[in-house]
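This report refers to the structure that appears directly beneath it.
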Amino acid sequence: MNNKQTKFIFVLGGVISGLGKGIASASIGYLLKGKGLNVTIMKLDPYLNLDPGTMNPYQHGEVFVLDDGSETDLDLGHYERFIDSNMTKNNNTTTGQIYESVLEKERKGDYLGQTIQVIPHITNEIKSKVYSINKSNNFDVVIVEVGGTVGDIESLPFLETIRQIRIEQGKDNVFISHVTLLPYVDASEELKTKPTQHSVMKLREIGLEPDMIFCRTSNEISKSVKDKISLFCSVSPSHVIEASDVKSIYEVPLLFHKQNVEDLILNDLKFKTNKSNINELEKFIYRFKNPQESVDIALCGKYTELPDAYKSVLEAFIHSGVENNAKVSIKWINTEKLESSDSLKNELDNIHGIMVLPGFGDRGIKGKIEAAKYSRKFKVPYFGICLGLQIAVIEFAKNVCGIKDAYSSEFKDTTNSVIDLMLNQKNINKKGATMRLGAYDCNLKMNSLAYKAYNSEKILERHRHRYEVNNNYRKVLESNGMIFSGINEKLDLVEIIELENHPWFIGCQFHPELKSRVNKAHPLFKDFVKASINYKKNNVK
Ligand code: GLN
């Protein structure tokens, strides 16, 4: 039974969106975990979708998939990477989910006789979601990030709920942090505090006051600016935190630590705790800033103008770069623009490793197939994730096995669908939450590249796709030199492919990027970067 008082830290945002509330929340989480506390982080998203699974990456960035198969906001990726713990579906709630459960209860008759209203029905539901995260765990601290910006109509029920939680739990047990922007005006050469003041006024309208303000800024904040924010927003100057731009998001906890953020918060929450522990992160940042090697890796995909669409891949390259003492430079290649082999050769000429990114739909497929062919022929390290595996199989079937019309049934009907829907996907009509999602077992072949990377026979990796390698073609692919080095034995599905006579060619049906963490780079990413460094050493004169 849970009998200790859990503390709640809410992280709200003002002025504009995209200020990095997710990273602020994750950084606070990191610092509190370093104090020896049992911490979790959850996100409340104000939109009406049940989850981001059906949204375009341009709307929402990457969809972050958890072990339990839930499709969540990309901030959950930051939480997992920073506090190094696996989240569950309870860590992300949307307004859509809140309404869905209230309406289900209404139909069941749980509220018989009542008029269903935002207050109390919706707010009670939000409250029970926040409290229920603690049911099976005894967390010392629950950090709750609220998506959107204070003043948005959509987030009002969440803010009202926080007001109620503060009364129910007592002020000593609830801490409100507000992330805002201090714009710098060139003409007058000063940082402006007015937008922050206004967003705090918006908070007050609903009965909330911030306990700490994180000021996002490109400039240093002077004492007089801090004093001004303190005066107008009723927080002490020590609680006005400079959240300036840093080279790496992993520096943010260090920046906060320098300003005693964790001690100030815990002191206000009347917590007695141990000394802070930030050594690991300090070492990580030192290595990040002092690389010994450098490699250029091409990322071939469709949403190349929007790095948020591949957030976890980029983070995994940071982790694996550091563990290889290397700076990984990314070259984005939009494969829609790259359909001829000549333009491809120009693009890939000085590249030391090629990744074909995950994706959906047939745009840019030809260019991706060309990229896989290039790396197979010229023995450049290849790493294909999900669609990237499927592309490698199509390319190999076409150009090595001679199956000219080999393709995926996702893109068009063909007699040779080397990538195809499994039976259990064929009768699915609904799009939301119906892919192969979440953690699945995979057995690795002894002495394969994958086995060497993981140093284990059995792995568990996260999935998000509908299509699979068609088992009818396994024999012909294998007899021509493709190795199926990872298999899900229960479902008899191919999880990892490799190539004979290639120094490093791996495609995986799952998403390894979702499990890479600071100081625990994912083994496949780590090995791919290593192979790319070796390729550079052996091939660049
Ligand atoms: N579109 C492919 C599928 O659904 C690959 C998905 C992905 O890359 N995540 O199987």
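Here is a yes/no grid of residues against (1) more than 30 Å from residue 129 (Cα to Cα); (2) in contact with a Leu (Cβ under 8 Å, 6 or more places away or on another chain); (3) at pLDDT 95 or above; (4) surrounded by fewer than 21 Cβ atoms within 10 Å (Cβ to Cβ):
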| position | (1), (2), (3), (4) |
| --- | --- |
| 179 | no, yes, yes, no |
| 197 | yes, no, yes, yes |
| 209 | no, yes, yes, yes |
| 212 | no, yes, yes, no |
| 254 | yes, yes, yes, yes |
| query | Somewhere in segment 396-406, is a residue more than 16 Å from the ligand (Cβ to nearest atom), surrounded by fewer than 19 Cβ atoms within 10 Å (Cβ to Cβ) and of a type in the set (Asp, Glu)? | reply | yes
| said: Looking only at residues that are more than 12 Å from residue 300 (Cβ to Cβ) and in contact with a strand residue (DSSP E or B) (Cβ under 7 Å, 6 or more places away or on another chain) in segment 347-379, which one is surrounded by the fewest Cβ atoms within 10 Å (Cβ to Cβ)? | reply: 350
| note | Expected single match for more than 16 Å from the ligand (Cβ to nearest atom) and either under 24 Å from residue 414 (Cβ atoms) or part of a helix (DSSP H, G or I) (or both) among 329, 343, 312 is 343
| query | Are there any helices (runs of 4 or more DSSP H) wholly within segment 410-512 with 1 or more residues that are over 27 Å from residue 528 (Cβ atoms) and more than 16 Å from the ligand (Cβ to nearest atom), and if so which? | reply | 474-479
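Every residue, every condition in (1) surrounded by fewer than 16 Cβ atoms within 10 Å (Cβ to Cβ); (2) within 24 Å of residue 48 (Cβ to Cβ), yes or no:
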residue	(1), (2)
94	no, yes
122	no, yes
126	no, yes
130	no, yes
139	no, no
182	no, no
200	no, no
206	yes, yes
| task | Of the numbered conditions (1) part of a helix (DSSP H, G or I); (2) out of contact with any helix residue (DSSP H, G or I) (no Cβ under 7 Å at 6 or more places or on another chain), residue 322 fails exactly one; give the number of that condition. | result | (2)
| Of all residues in segment 513-536 being hydroxyl-bearing (Ser, Thr, Tyr) and under 25 Å from the mean Cα position of the chain (by Cα), the one that is nearest to the ligand (Cβ to nearest atom) | 516
| message | When the residues of segment 256-278 are narrowed to those that are part of a loop (DSSP other than H, G, I, E, B) and of a type in the set (A, V, I, L, M, F, W, C), which ends up most open to solvent (accessible area, probe 1.4 Å)? | response | 271
| field | segment 332-367: number of residues that are closer than 15 Å to residue 505 by Cβ and within 25 Å of the chain's Cα centre (by Cα) | value | 4
| task | Scan segment 266-280 for residues that are in contact with a helix residue (DSSP H, G or I) (Cβ under 7 Å, 6 or more places away or on another chain) and at pLDDT 95 or above and jot them down. | result | 269
| Residues in segment 19-31: is at least one under 25 Å from residue 159 (Cα atoms), of a type in the set (Gly, Ala, Ser) and surrounded by fewer than 19 Cβ atoms within 10 Å (Cβ to Cβ)? | no
| request: Only one of these is farther than 21 Å from residue 539 by Cβ and away from the ligand (no atom under 13 Å from the Cβ): 369, 391, 351. Name it. | output: 369
| request: Determine if segment 529-536 includes at least one residue that is closer than 21 Å to residue 315 by Cβ, modelled with pLDDT of 95 or more and open to solvent by 50 Å² or more (accessible area, probe 1.4 Å). | output: yes
| said: For the structure I just gave you, tell me whether residue 145 is acidic (Asp, Glu) and open to solvent by less than 20 Å² (accessible area, probe 1.4 Å). | reply: yes
| query | Any idea which of (1) open to solvent by 60 Å² or more (accessible area, probe 1.4 Å); (2) more than 16 Å from the ligand (Cβ to nearest atom); (3) at pLDDT below 95; (4) not aliphatic (A, V, I, L, M) is the one residue 334 doesn't satisfy? | reply | (1)
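The values are calculated or read from the model by the stated rules, or taken from the named source; none is laboratory data. All values reported here derive from a predicted model rather than from experimental measurement. With ideal geometry, Cβ positions are generated from the backbone for all residues, glycine too; neighbour counts draw on all protein chains shown. Please note that ligands, DNA and RNA were not included when accessible areas were found on the heavy atoms of the full protein model with its side chains. Shrake-Rupley method; radii C 1.70, N 1.55, O 1.52, S 1.80 Å.
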